[in-house]
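The values are calculated or read from the model by the stated rules, or taken from the named source; none is laboratory data. Owing to the predicted nature of the structure, the values given are computational and were not obtained by experimental measurement. With ideal geometry, Cβ positions are generated from the backbone for all residues, glycine too; neighbour counts draw on all protein chains shown. Keep in mind that these areas ignore ligands, DNA and RNA; they rest on the heavy atoms of the full protein, side chains included. Shrake-Rupley method; radii C 1.70, N 1.55, O 1.52, S 1.80 Å.
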Amino acid sequence: MRRVLLLGLTAFCLCVFVAADTKSDRQEERPFPEKDGVLQLKKGNFKRALRKYDQLLVHFYTPLSGEGHRVSAAFEGAAAELKGSKVKLAAVDVSKEKDLAKELNVTGHPVIRLYLSGDKHNPAPCPVPQSSASILTWLKRREGSAADLVTDLSQSEASEELTVFGVFKELNHEYVQVFYAAAVELPDVRFAVLQDDEVIGKYGLTHDAVLLLKESKLIQAYKMMPETSKEELIVFITVYQMDPVTEYTGQTASQILSSPVLNHALLFVNKSSEDFDEIFSAFTSAAETFRMKILFVLVNVAEHRNGRLMEYFRVRDFEAPLIRLVNLTNHVTYHLPSDTLNTEHIEKFCQDYLEGKAKPKMQSEPITEGWDQKPVKELVAMNLEKVAFNPDRTVFVLFYLPYSKESRALFPLWEELAEAFEEREDVVIARIDASANDINMSMQGAYPSLCLFPALYAERVVVYTGPRKLKPLIKFVEKEMEKAKKYRVKEDEDRRKYIEDMKAEEATKANESKDEL
């Protein structure tokens, strides 16, 4: 009897195991949901997809992202081309699959990864593609070698697209491996390898080099050195792939934001303005000087689609033209106003920024200790209005730019003016750095600007336009003080009358309240 029970229990267990295996097999065989040839994966079927496909290229996206839509379209196009191949394309909506994204350490979007042989821990990152062709090129290059890129100059030299030519004497040199690694990372760029003595002679090469050509024109050459890294070569190619100045549009935004050059100079300007050509020429000239160090971007303030970018940098269309310089790692912003937009000032501004001499653009610099102890008071945006609009003092302010020769030339004169009025408690001579503080008032004329704030209750500003010499300045201050005295008499009379009327109105209301009681 006991033996019969044991046999029965064994048979039952075998049935359970067979049923479990059958259920597991059915789950493995269950088809994945697809859209236009792209698997739609979730946390519940992601591991199963890894087990089934040796090469699984996955696009992690958010549906409301414009770039996500573009990459999705590229995936659909590539899926059609790869049908029947060993590579399968898939997509994961991270807005819905947050747990899966967290498990796979997916941050940001879009993110594209190639999972190999079911290994979810060590995927190969794929560059964000511009088209389906980019995906196909990347897959092909990562499995190929530099020998696949060998070509004849005549076949590619006249191409309308930018072509990156590696000119190498030997294909087994370490330079070539660096060059090919860069080609894998930049699938949207045409790459070719040349081993032609005619090419070496044509371009006067005495060493292995990388040439950037477009329509048979040499754009730039890069000498390969033993210490040249893939990253350095990618920076060089991506910088010179773009024009010296790139206009910010929906099509170029991704290219600008993904640039390895993190210092960006943005020219906010109306392209329809009379002085646009002159300003753009100066901006372009400076851009050539700082290639590889600063990316130069044009923002048309007349284009309503640029509103969000202008809002971010706190730029209003009527303030244009102006330049904002920002580093994308710390987002600290520097400011060059409209009156200094010539090549000399732009280059000086950029050089000061790179050397750490430029002051960042902030809502206000901090109020420095002892700001009011010297003859010339040092104002910032935080205390400008409080000091300037004092009804009991005449305040004369120099709005200056620290990198402007015209501004610095006025500093000694402003010290002399402050000394001339040092005994007058009702006169304040001050200055403020207009490049480092937000000036929330309309300034007329170019910087440096000399603005007098009369001792009145009304917030008035008088811009000085006369000779920038001591005697005319003193005369101007005294004349405006006399004018303000006359206005002040009327202001005081109006205020006295207003106070009396208010008291009379309050008394009337009080009497009415008594009568009601």
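Listed values, structure above:
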quantity	calculated
Value of relative contact order over the range 261-372, rounded to a whole percent, pairs C-alpha under 8 Å and six or more apart	30 percent
Whole-percent carbon and sulfur share, accessible surface of the range 83-131, 1.4 Å	48 percent
Percentage relative contact order, the range 320-472, counting C-alpha pairs under 8 Å, at least six apart	25 percent
Aspartates and glutamates whose Cα lies under 14 Å from that of residue 83, excluding same-chain neighbours fewer than 8 positions away	34, 36
Value of [θ]222 nm, deg cm²/dmol, for the chain, DSSP H segments ≥ 4, -39500 (n - 2.57) each, nearest 500	-13000 deg cm²/dmol
Heavy-atom accessible area ranking, 1.4 Å probe, most first, across 304, 173, 264	304, 173, 264
Local electrostatic count at residue 261 - Lys and Arg +1, Asp and Glu -1, tallied over other residues with Cβ under 13 Å	0
Under 16 Å from residue 483, Cα to Cα: lysines that are on another chain or at least 8 residues apart	475
Read-out Rg/Rh (Cα atoms, Kirkwood Rh), derived from the coordinates shown; its label in (i) 1.18; (ii) 1.08; (iii) 1.06	(i)
Partner lysines for residue 509 [C-alpha distance under 26 Å; skip if fewer than 8 residues away on the same chain]	497
Solvent-accessible heavy-atom area per residue, rounded to whole Å², over the range 353-416 at 1.4 Å	54 Å²
Charged-residue dipole, Cβ positions (Lys, Arg, Asp, Glu), the chain about Cα centre, Debye nearest 20	2020 debye
Heavy-atom accessible surface of the range 276-415: percent carbon and sulfur, 1.4 Å	49 percent
The range 370-427: relative contact order in percent, alpha carbon pairs under 8 Å with at least 6 residues between	37 percent
Sorted peptide list for 60-72, 116-128, criterion being average Cβ within 10 angstrom, highest first	60-72, 116-128
Interchain or long-range residues, amide H under 5 Å from residue 298's placed H	246, 247, 248, 267
